[in-house]
Amino acid sequence: MASTSTAPAAPAEPRVNRLGLPILEYRGGKTTLCAGCGHNAISERILEAYFDLGIPPEQVAKFSGIGCSSKSPAYFLGRSHAFNGVHGRMPAVATGALLANRTLHGVGVSGDGDTASIGMGQFVHLMRRNLPLVYVIEDNGVYGLTKGQFSATADPGSVLKGGAVADLPAIDTCALAIQLGAGFVARSFSGDKKQLSALLHAAIAHGGTALLDVISPCVTFNDHQGSTKSFAYVKAHDEPLQELSFVPALEEITLDHEPGTTAEVTLHDGSRLRLRKLEAGYDPRQRAAAVARLMGAQAAGEVLTGLLFVDPLAPTLVDRLGLPPEPLATLPPERVRPPRAVLDAINASLR
Amino acid sequence: MAPAVNDFSLQVATVNGSGSQSSNSVLLRALFQMGIPVSGKNLFPSNIAGLPTWYTIRASRDGWVARKKELDLLVAMNGETAAEDVAALRPGTPVVYDAPLGLDQGRADLGWYPVPFDALVAPLAPDAKLRKLLRNMVYVGTLSRLLELELPEVELAIGRVFDGKPKAVALNVAAARAGFEHAGAFTRPPGLAARRMDATRGKIIVDGNAAAAHGALFGGVTVLAWYPITPSSSLAEALIADLAAHRRGPDGTPSYAVVQAEDELSAIGMVLGAGWAGARAMTATSGPGISLMGELAGLGAYAEIPAVVWDVQRVGPSTGLPTRTQQADLLSTAFLSHGDTGHPLLLPGSVEECFTFGHQAFDLAERLQTPVFVLSDLDLGMNQWMAEPFRYPEAPMDRGKVLGRADLERLGGFARYADVDGDGIGWRTLPGTDHPRAAYFTRGSGHDERAGYSEKGEVYEKNMLRLARKLDGARALLPEPVATGAGAEVGVVAFGSSDPAVRESRAQLAAERGLAVDYLRVRAWPFAAAVRDFVAAHQRVYVVEQNRDGQLAGLLRLELAAPLAGRLRSLARSDGLPLDARTVTDAVLAHEEA
């Protein structure tokens, strides 16, 4: 080091967010997933997003089911409460918790087995209800913890390490979610840092359920030739619909695009998602067209990524229930135990 | 025993969907208003309309409200079952029947009272559908005359049942009067009569599901997640109505959330999520739902999350007899889920207890940080019972051990599953608590005191032993058993809706055989110490319950040492009908006089 100073340089102040917290405060435990697992990259993007948005980690609640994906909440946001439930039942647990305390920022992490097989019933009903929740599927087409069986998102014709070939139609969780009325549906790739980051920021800013199906290759059981969920395959077949950038609320943006090539989606909290269209004519507000495009992509072997569908104003479950602004969980007794006169009236009505 | 004044059981045989429920409610209420103790039981099919239904009303001047086997009067409205219904009657039983059925051509030893229902309602309403409903109010008027049930009380009861609908009240009063007038030509059945007395003053009439809902309302429930299933649906629906009526702020803002879930797995999952986040959350279900909830119930117990689950039991196994009653979920619920799992059970034996347990269950679930199961049944939950008025919960809510921000600042942190108080119950924090050390990681996998993942054998075992201590400690917190009588050689132990039959049976045994029997009604599991003491104080202890296998006796044997367990005699039986006293009496005598 060419330095003339004899005193060591003061260590650089770590970057802090608007709460004055360094990113360290958004980290979790050390991952126990395989080195190179796509899930670890997703954990990084998640914690960065909450850091960037300046959301207090104590205001975040993490939910998951069972599987490799569902372990990952232990590896980000260590200062947030977490609920690692049972296989396929994350949506119900998250629903109860977020109704009990609507002020929490909920993030659920599930896998393709956890969501598209054992948890399909809860998944589809969560999409219908539009609970405010970021729902990340870490999708690798394979059961990792039980050592490499196909999941229901495996594309027909894809091959397992041992030679087994998937012969059933793949379930497209995004197409399903759009058809069921979800308000924010996106697909991304754990290896696409920029796109995934923008989508996660937007998902957190969205008011209802934000489904992110993130192709996240399993380096141990499904990253070989013949797999359609391998790094190589996804890189070769990724068809991004847009180039995405997230603009936080209150931040001015300058328009420097050609008319017709860029669109903006204003999200629940006033922030915006800018979409520079890579596919002319794709409008993520058209529900039926989005489903059709996804089905076409599946037939063509494309991995269609980006913001597939958005309806920022769709009423959420919290809206429909008309919940009060403060958590139900901690309402004072006088608001949840009716007065004696009410019981007197009930008794009188039964005489 | 011959029927007598204010001591009879009458049955209306009809088809479901014909509107007879309103008529039967009027009969029940009219007797009640005359101060006569009554109970009403609906025996209905798993069907919406057109299948046979029987409604039985018992009047008992002595206050017995269990099902009575013998019928003292039949109203035969259903041609399909009439022959069978009539064949079962004792000689001399009066039968009010739809005249065109021509039943009097059969047995000559019955009292026949033909009523031309269609002809009587014809002038009352032009609409055929309405006339069909009014037919049933005609038999109310006929019975009013035959039983000397005061007509003004019948008309008052019609006003109550058709509350706020003057046109319906007028039509039904007219139908009842038509039936009353028609009966003027009849000779009254000998000995059978209703006479005004004063045994219902101040009392209420209610079903157990509504009582449970009222209890939950005053228990401060904030999240209800449920999936429809007979016979628990009316509990959830009564609670929804209660919440809408009594739990909205001045601007209409609710202090609750209700979700009709996609299945019972989701319902219990939502309840656990809400309980984890600090809400008083509950669900109501029946046996098939309990079976589905198994995995999440185990998670709730192992991760230590408060929850309240009502199981309004029906006849199993499998779909079983969905509209009949049973007490056969005791074992499957006490140990619901795989592994060494145990759940506190509350066993209400009256509608009053459905109310009190309805709010106390939340205190217990939050104190014990675990799912608490309340086992009602179809008889208790869906039938009409006299009761003392519900008593306002005087004790403040017990929200259990929860650390807030100030606590964490003082303590510097906490270990979620550490037994700092020696009672096996740790301290928890709620998500959203504004302190950097508030969070912990809830999981159903092995965990240490700080809720960290652990597969270490000694950590696992220590935690499991603590959970066992916690469940053991619940004995002192749960509702204590109710003992009646002392010093007899013979004891009876029962729970839940078996109570009315056992109480009446004790009176029968004393009056008919001079046999004194002490009685202990258990109200919770794990059992209080008094349960063991009761068994120890009696030479022979009959365990009465409504199932095949003697599940309560089984639970008792698990907890009692060998010599005491040998004193237990299981009197378990179930055919889906509510237990009656005579069955208990006969069973006890079969042993005692063998």
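The values are calculated or read from the model by the stated rules, or taken from the named source; none is laboratory data. All values reported here derive from a predicted model rather than from experimental measurement. We place every Cβ from the backbone using ideal geometry, glycine too, and count neighbours over all the protein chains shown.
Among the residues of the stretch B:84-110, write down those that are without any contact (Cβ under 8 Å) to a residue 12 or more places away in the chain and buried (at least 21 other Cβ atoms within 10 Å of the Cβ). If the condition is that a residue be without any contact (Cβ under 8 Å) to a residue 12 or more places away in the chain and buried (at least 21 other Cβ atoms within 10 Å of the Cβ), then no residue fits. Given the structure, is B:Ile305 within 18 Å of B:Thr429 (Cα to Cα), touching a residue at least 40 places away in the same chain (Cβ under 8 Å) and buried (at least 24 other Cβ atoms within 10 Å of the Cβ)? In short, yes.
Of the numbered criteria (1) in a helix (DSSP H, G or I); (2) at pLDDT below 95, the one A:Lys161 fails is (1). Candidates in the stretch B:360-404 are the residues that are assigned to a loop (DSSP other than H, G, I, E, B) and aromatic (Phe, Trp, Tyr); of these, the one that is surrounded by the fewest Cβ atoms within 10 Å (Cβ to Cβ) is B:Tyr392.
Reported count of residues in the stretch B:540-559, each being under 19 Å from B:Val482 (Cα atoms) and either surrounded by fewer than 21 Cβ atoms within 10 Å (Cβ to Cβ) or among the hydrophobic types (A, V, I, L, M, F, W, C) (or both), is 9.
Residues that are in contact (Cβ under 8 Å) with a residue 40 or more places away in the chain, touching a strand residue (DSSP E or B) at 6+ places or on another chain (Cβ under 8 Å) and assigned to a helix (DSSP H, G or I) within the stretch B:506-536 comprise B:Leu509, B:Ala530, B:Val531, B:Phe534, B:Val535, listed in sequence order. In this entry, A:Ser151 passes the filter for residues that are buried (at least 24 other Cβ atoms within 10 Å of the Cβ), more than 18 Å from the chain's Cα centre (by Cα) and hydroxyl-bearing (Ser, Thr, Tyr).
Between B:Ala474, B:Ala494, the distinction of being in contact with a strand residue (DSSP E or B) (Cβ under 7 Å, 6 or more places away or on another chain), surrounded by 21 or more Cβ atoms within 10 Å (Cβ to Cβ) and more than 14 Å from every other protein chain (Cβ to nearest Cβ) belongs to B:Ala494 only. Can you spot a residue in the stretch B:292-299 that is over 15 Å from A:Thr95 (Cα atoms), more than 7 Å from every other protein chain (Cβ to nearest Cβ) and buried (at least 24 other Cβ atoms within 10 Å of the Cβ)? Yes - at least one qualifying residue is present in the stretch B:292-299.
The residue of the stretch B:394-426 that is nearest to B:Ala274 (Cα to Cα), among those that are more than 13 Å from chain A (Cβ to nearest Cβ) and in contact with a strand residue (DSSP E or B) (Cβ under 7 Å, 6 or more places away or on another chain), is B:Lys401. Scanning the stretch A:198-229 for residues that are touching a Ser or Thr at 6+ places or on another chain (Cβ under 9 Å), hydroxyl-bearing (Ser, Thr, Tyr) and either free of Cβ contacts under 8 Å to residues at least 12 places away in the same chain or surrounded by fewer than 24 Cβ atoms within 10 Å (Cβ to Cβ) (or both) yields a total of 1. Being within 15 Å of the chain's Cα centre (by Cα), of a type in the set (A, V, I, L, M, F, W, C) and closer than 12 Å to A:Val134 by Cβ holds for only one residue in A:Ile46, A:Ile55, and it is A:Ile46.
B:Arg391 meets all of the listed conditions (1) within 30 Å of B:Val26 (Cα to Cα); (2) more than 14 Å from chain A (Cβ to nearest Cβ); (3) free of Cβ contacts under 8 Å to residues at least 40 places away in the same chain but one, namely (2). Among residues of the stretch B:409-433 being in contact with a Gly (Cβ under 6 Å, 6 or more places away or on another chain) and among the charged types (D, E, K, R), the one that is farthest from B:Leu465 (Cα to Cα) is B:Arg416. Here B:Asp263 meets each of (1) of a type in the set (D, E, K, R); (2) more than 9 Å from every other protein chain (Cβ to nearest Cβ); (3) surrounded by fewer than 19 Cβ atoms within 10 Å (Cβ to Cβ) with one exception, condition (2).
Consider the stretch B:427-462 and keep the residues that are assigned to a loop (DSSP other than H, G, I, E, B) and touching a residue at least 40 places away in the same chain (Cβ under 8 Å). The one that is nearest to the other protein chains (Cβ to nearest Cβ) is B:Pro431. Residues of the stretch A:115-133 include none that is of a type outside the set (Ser, Thr, Tyr), over 26 Å from A:Pro315 (Cα atoms) and within 16 Å of the chain's Cα centre (by Cα). For the stretch B:177-196, filtered to residues that are in contact (Cβ under 8 Å) with a residue 40 or more places away in the chain and not in a loop (DSSP other than H, G, I, E, B), the residue that is surrounded by the fewest Cβ atoms within 10 Å (Cβ to Cβ) is B:Glu181. Restricting the stretch B:197-212 to residues that are touching an Asp or Glu at 6+ places or on another chain (Cβ under 9 Å) and within 10 Å of another protein chain (Cβ to nearest Cβ), which is surrounded by the most Cβ atoms within 10 Å (Cβ to Cβ)? This residue is B:Ala211. Among the residues making up the stretch B:236-266, those that are assigned to a helix (DSSP H, G or I) and farther than 20 Å from B:Ala210 by Cα are B:Glu264, B:Leu265, B:Ser266. All of B:Ala516, B:Ala524, B:Ala572, B:Ala528 fail the test of being aliphatic (A, V, I, L, M) and over 25 Å from B:Gly381 (Cβ atoms), apart from B:Ala516.
Of the residues making up the stretch B:76-83, not a single one is touching a helix residue (DSSP H, G or I) at 6+ places or on another chain (Cβ under 9 Å), part of a loop (DSSP other than H, G, I, E, B), surrounded by fewer than 16 Cβ atoms within 10 Å (Cβ to Cβ) and not assigned by TED's automatic domain parsing to the domain that holds B:Arg314. Among the helices (runs of 4 or more DSSP H) confined to the stretch A:242-351, the ones with at least 2 residues that are closer than 30 Å to A:Ala154 by Cβ are located at A:287-300.
Scan the stretch B:215-244 for residues that are surrounded by 24 or more Cβ atoms within 10 Å (Cβ to Cβ), more than 14 Å from chain A (Cβ to nearest Cβ) and in contact (Cβ under 8 Å) with a residue 60 or more places away in the chain and jot them down. Matches in the stretch B:215-244: B:Pro231, B:Ser232, B:Leu235. Among the residues of the stretch B:380-398, which ones are in contact with a Gly (Cβ under 8 Å, 6 or more places away or on another chain) and charged (D, E, K, R)? Listed by number, the list holds a single entry, B:Glu388.
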